[in-house]
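So the structure is just underneath, and the comments pick up after that.
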Amino acid sequence: MKKLPPHEAQVVMAHAEFICQVVELSQNRERRGDFETLLRIALENGWERLVAAIRRIVAGERELRNLQLDLEDRIIAEAILRGIQDPTTLPDPSQRPDPSLAAPGLAGMIVAARRGNTEALKLISDMAEQMSRVGGPMARLASVIRPLINGERDAARLCRNLDQKSEQVVLGILQELKSLELN
């Protein structure tokens, strides 16, 4: 897979299975019904604009600037487009996101959200909501997102009730925030 900035790599990795399925099914006329089912499920999950973009990409559209996508949808659409053009760029759906990549991406979105970027705020809020639904350590990690956006930087307060892996992610975010907020 092409080397992507950390936050983009996390989004692609999180949606790797969907991206690969779209590319595979869209190029196989015999599996058109499966492709339509996949898109219907995506629509039911609130991805109206992304599904519209996928349909345009599959129909031959290659200019994503005209598609009016939010950041997460744009990253997914770009990965699909790259995968259609060159299947060697597709992510490995069996690979799980690397927690060490999460810190820079989340820190970047937190800084952007603090600076008033509504797209970043929506994306990180959606991510935190998805993490909350997973439950357990992911939900506890999601619970520190809002305080970080609001400016909380006390590691002890943020890491209270977190497991070791989640704590490492938060400490990584705090480290990244230190350098990003100086700029």
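Laboratory data are not the source of any read-out in this text; all were calculated from the coordinates shown. Remember, it's a predicted structure, so these values are computed and weren't measured experimentally. When we count neighbours, we look across all protein chains shown, and the Cβ atoms used for this are built from the backbone with ideal geometry, even at glycine.
Using the alpha carbon gyration tensor of the chain, what are the three equivalent-ellipsoid semi-axes (square root of 5 times each eigenvalue), largest first, in whole Å?
32, 17, 15
Does anyone have the angle between helix 164-182 and the longest principal axis of the chain? Alpha-carbon axes, 0 to 90°, nearest 10?
Between helix and principal axis, roughly 90 degrees.
Test of understanding: in a Gaussian network model of the chain with alpha carbons linked when under 10 Å, which of 146, 49, 157 would top the mean-square fluctuation ranking?
Top of the fluctuation ranking is 157.
Mind checking the stretch 56-91 for trypsin sites (Lys or Arg not before Pro) that DSSP puts in a loop (not H, G, I, E or B) and that have at most 16 other Cβ atoms within 10 Å?
Those that pass, being in a loop and sparsely packed, are 62.
Along the Cα→Cβ direction, 7 angstrom out, place labels at residue 45 and residue 59. What is the inter-label distance in nm?
2.3
How much FRET efficiency would the formula 1/(1 + (r/R0)^6) give for residue 37 and residue 17, where r is the Cβ-Cβ distance and R0 is 25 Å, rounded to 0.05?
Values: r = 14 Å, r/R0 = 0.58.
Approximately 0.95, to the nearest 0.05.
Evaluate the distance, in nm, between pseudo-label points positioned 7 Å from the Cα of residue 153 and of residue 95 along their respective Cα→Cβ axes.
3.3
Send over the Kirkwood Rh of the stretch 6-89, from the inverse of the averaged 1/r over different Cα pairs, rounded to one decimal Å.
12.8
For the chain, with a Gaussian network of springs between Cα atoms less than 10 Å apart, report the residue from 94, 132, 166 with the top mean-square fluctuation.
For the chain, modelled as a Gaussian network with Cα springs under 10 Å, the answer is 94.
Dimensions of the stretch 99-160 along principal axes (Cα, Å, largest first)?
Extents along the principal axes, in whole Å: 29, 25, 20.
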